[in-house]
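This report concerns only the one structure given below.
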Amino acid sequence: MKPPRSRDLKRYPGFGAVTWACLVFLYGPLLVIALYSFNEIRSITVWGGFSLHWYAKAFNNELIQRSTWNSLVIALCAASMATTLATAAALAVIRHRRFRARETCIGIINLPLMVPEIVTAIASLVFFVLVGIPLGVGSIVLAHTVFCIPFAYLPISARLEGIEGYYEEAAGDLYADSRRAFRHVLLPMLMPGVLAGFMLAFIISLDDFIITNFVAGPGASTLPLAIYGLVRTGLTPEINAVSTLLLLVSVIFVILSCLLGRKRYPAGH
Amino acid sequence: MTSELFAVNGISITKVYAGGTGDVVALDDVSISIKDNEFFVLLGPSGCGKTTLLRCIAGFEALTAGRILLFGEGIDHLPPHRRPVNTVFQHYALFPHMTVSDNIAFSLRMLRRDEREIAQTVERMLALVHMAEFAGRYPAQLSGGQQQRVALARALASHPKVLLLDEPLSALDLKLRQAMRLELKQLQEETGITFVLVTHDQDEALSMGDRIAVMSKGAIQQTGTPREIYDTPVNRFVADFIGETNFLDATIRSVNANTADCVLEGGARTGATLAGPAARMRPGDRVLLSVRPEKIAVRPRQQQPGAGHGIDGSITRSVYIGTDTLYQIALDTRTPLIARLQNSRQATDFAVGEAVSVSFDAAACRVLAD
C-alpha cells in the first residue's frame, strides 16, 4: 500500500537534491577512478584517449602481484576462521535462549563494529608484541579474523533467526542425534547465510588498511598497503587500474552475499 | 500392574514452566492410558496442555514429575531420537532442502537402514499417501494438502510404535480438512499404528477418535468414546465444550439407583441421570443439569400447567437450518433454553410467542459433577 501523499518521503522539499548530492559524492569519485584507469596518457585529470596498458602494467608489477597474493591468502584464512566462529556464536546465542550472559555475548561479538579501528590497531600491535607473536602474514590473519567475526555474524544470525526450531525437533524426532541433525538439516538450511557471511568477511579483510598497516610488520604487504605505498610516490593511472579491479571484486562479492542472504528454496514451477 | 499392555502410559505427569513472573503449570498430575492400535484424541481449548502432553511423549519437553511408559518401558529419560515415536508437526516441518523422497527417507537413513530397503519403503509410503508422482518435488512446490501427506509418510516410514499428530489439519482449508479426517482414520486402520492426535476441533475429535480425552487447565476432564463424551459428560466444562447444551439449575429431591428426582427453579420436576463423579450427590444438593437441544421434546402447552413432566415456557425465536429447526424458548422461570427439532413430516411448527411445554427423558438429562 502506498503511504498517504502528504507523508510520502519523495514529496518533502529538497528530497531530489539531497538524493542526487549523496549519489554524486558517493559514487562520482569511484566513477572518475574507474574512467581514468583507461586513460592513454599518464595524467589522472586530463583525458587522452582509451587504453588498457595501465592494466597490463599493474598485472606485471611484482609488488602488486605479491601483495595481491598476500591479500587473498589472508582474506581466505581470516574469513574462514571468522565464519566458523561466527556460526558457533550464532548457534549458541540464538538456539539457547535461556543462557544467562546472552545479551552481553551479543554485545561483545558486535563490539569490534563500534570500537574506533585505530584503537583496535594499536591494541592489536601492542598485544602481539607483548605475547611474542611475530608480525607478518600470521599476525594479520589473527587481527583480521577478530574484526571479521561481527560481519560474518550478521547474515548468519539473520538466517538462523528465520529457521524455526521445529526443523531441528523434526530431525531429532526422526532419529537424528544433535550432531547429525546439525549436519543434515540445520547446516544445509543455514548455508546461504554462512556463505554470505564468509563473502562479507572476505571483502572486509581484503579492504582493510588501518589495522593491517599496524600489525603487518616489515615485508608483509597487502594490496591496500601496496596501493598506499604507490600513491606516496605519485598518482598514476596504474593505481586507478588496481583500485578499479579491487572495487570490481568487492562489488561482485557484496552482490553475491546479498543474493545468497535472500536465497529461498525452490518454489513454484 | 494392569493386565493390559498400553501403548502409552502416562503416570502423574506434571510439567511446570519456570517463568519470569512465576511458574506456569502446564500439566497438573495427568495420568493417561492409550491402548495399542487406538486412534486417541487429546481435545481441548488452546492453553489446556494438550500439546505439552504430546511434546512430553515425543521427548521435546522434560517432565517436572511423573513417568511415561511406552509399551511398558519407561522412556522419560530418553532423548527424542531414541524414542520409537514419530511426530507430524502442525506446520509439517518438512525439510525444505530435500525432495519429497529424501524427506521420507530421512528417518531410515538416520537408522542406517540398507539403501535398497529404504528405496522400497519410500515407494510404499508414497503409494500409501497417493504422492508417487511428486517424489522428486521440493516441499515448497507442493500445496498444503500435499505437504500434509508427505509429513504423514515421513513420520510413518520407520513404522513407529506410536504416531503423534499435533493439530495436523489446522493449516488446511475446510473441504480438505474434512477429506483428510477420513484419510487419517483410514491410514490408522491400515497401518495398525497407535495414533495420538491433538486438536481443539470437536468435530475432528468426534469423527476420528476411538477415544477422546477432553483437557482443560492442564488436567484431563474426561476420557471416553465419542458417544460417552457427548452423551454422558461428567462436568460443566465437557458438556459445554463438546456440542451445544442447555444448563439448568436444580435441587435433588430424592435418589433412586442411577436416577435423581430433581426440582427445577420454578418448581417443575424432572428426572436426571446420576453417574460417574456425580454419583456422590445426595438429596438436598443444588446441582447443574445438562440437556442436549436435540433431546428436548416441545409440545403445545396443555390446559393444566405443570401437568406431568412438562416445563412451561414460550417460544422467543425460531431458526430454520434445513434438516432441523432451532427454537429458543424462555421458560416461565426466565431460564433460556434451546431445542433442536428435526423437520420430519409430522413436525409441528411453533410460532414465536406460542406457549409451549418442554420435556425430556431422565436418561437424556445429566447431573453434572461440577
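The values are calculated or read from the model by the stated rules, or taken from the named source; none is laboratory data. Predicted, not measured: the structure shown is a model, and the values here were computed from it. Positions of Cβ are backbone-derived with ideal geometry, glycine not excepted, and every protein chain shown enters the neighbour counts. Heavy atoms of the whole protein, side chains included, go into the accessibility calculation; ligands, DNA and RNA do not. Shrake-Rupley method; radii C 1.70, N 1.55, O 1.52, S 1.80 Å.
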Could you give the dipole magnitude of the protein assembly as shown about its Cα centre, charging the beta-carbon of Lys and Arg +1 and that of Asp and Glu -1, in debye to the nearest 20? 1000
Amide H to amide H, which residues 5 or more places from B:D324 or on other chains are under 5 Å from it, using H placed in the peptide plane? B:N343
The farthest towards the positive end of the charge dipole of the protein assembly as shown, of the residues A:L142, B:I321, A:F25, given +1 on Cβ of Lys and Arg and -1 on Cβ of Asp and Glu, is A:F25
Taking only Cα atoms of the protein assembly as shown, the Rg to Rh ratio with Kirkwood Rh works out at 1.17
Normalised by the residues of chain A, what does the relative contact order come to in percent, with Cα pairs under 8 Å and at least six apart? 29
Cα principal axis extents for segment B:146-221, largest first, Å: 34, 30, 18
Taking the simple approach of a point 7 Å from Cα along Cα-to-Cβ for both A:I108 and B:E115, what is their distance in nm? 4.5
Given the -39500 (n - 2.57) contribution per DSSP H run of 4+ residues, what per-residue ellipticity at 222 nm results for chain A, rounded to the nearest 500 deg cm²/dmol? -23500 deg cm²/dmol
D (µm²/s, integer) via Stokes-Einstein for segment A:144-192, Kirkwood Rh across alpha-carbon pairs, 20 °C, 1.002 mPa s: value 182
Calculated from backbone phi, Karplus (6.51, -1.76, 1.60) coupling profile of segment B:17-26 in Hz, x at Gly/Pro: 9, 7, x, x, 9, x, 6, 10, 8, 8
Identify, among A:A196, A:V231, A:A176, the residue whose Cα sits farthest towards the positive end of the charge dipole of segment A:160-243, taking +1 on the Cβ of Lys and Arg and -1 on the Cβ of Asp and Glu, with the dipole about the Cα centre. A:V231
Peptide B:153-165, shielding by other chains (average Cβ, 10 Å cutoff): 1
Starting from one equal scatterer on each C-alpha and no solvent at all, send me the Debye-based log10 I(q)/I(0) for chain B at q = 0.08, 0.09, 0.11 Å⁻¹, two decimals. -0.53, -0.64, -0.86
Alpha-carbon Rg with Dmax, taken over segment A:52-98, Å: 18.9, 61
Taking Cα pairs closer than 8 Å and at least 6 residues apart, the relative contact order of segment B:1-150 in percent is 20
State the number of lysine pairs found in the protein assembly as shown whose Cα atoms come within less than 13 Å, restricting to pairs 8 or more positions apart or on distinct chains. 5
Of all beta bridges DSSP finds with both residues in segment B:69-198, what is the antiparallel percent, to the nearest 5? 20
So if we plug the beta-carbon distance of B:Q186 and A:A88 into 1/(1 + (r/R0)^6) with R0 = 56 Å, what FRET efficiency do we get, rounded to 0.05? 0.75
Where only alpha carbons of segment B:1-132 are counted, the Rg and the Dmax (Å): 17.6, 54
Calculated from DSSP helices alone, with each H run of at least 4 adding -39500 (n - 2.57) and the total divided by the residues of chain B, [θ]222 nm to the nearest 500 comes to -7000 deg cm²/dmol
Report the equivalent ellipsoid semi-axes for segment B:123-185 in whole Å, largest first, defined as the square roots of five times the eigenvalues of the gyration tensor built from alpha carbon atoms. 17, 16, 10
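Computed over the Cα atoms of segment B:244-338, what is the ratio Rg over Rh, Rh following Kirkwood?
0.99
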The farthest towards the positive end of the charge dipole of the protein assembly as shown, of the residues A:H96, B:G310, A:A56, given +1 on Cβ of Lys and Arg and -1 on Cβ of Asp and Glu, is A:A56
Cα-based convex hull, segment A:120-269, per residue volume (Å³, whole number): 145
Relative contact order of chain B: what whole-number percent is it, with Cα pairs under 8 angstrom and at least 6 residues apart? 15
Global size of chain A as Cα Rg and Dmax, reported in angstrom: 22.7, 70
For B:I32, B:I338, write out the residues from largest to smallest accessible area, computed with a 1.4 angstrom probe and no ligands counted. B:I338, B:I32
Quick shape summary for segment A:15-99, equivalent ellipsoid via Cα gyration tensor, semi-axes whole Å in descending order, reads 41, 26, 6
Using the reciprocal of the averaged 1/r over all distinct C-alpha pairs, how large is the Kirkwood radius of segment B:76-177 in Å? 13.9
Could you provide, to the nearest whole Å², the per residue accessible area of segment A:21-94 with probe 1.4 Å? 58
Share of accessible surface on carbon and sulfur in the protein assembly as shown, whole %, 1.4 Å probe and ligands ignored, is 59
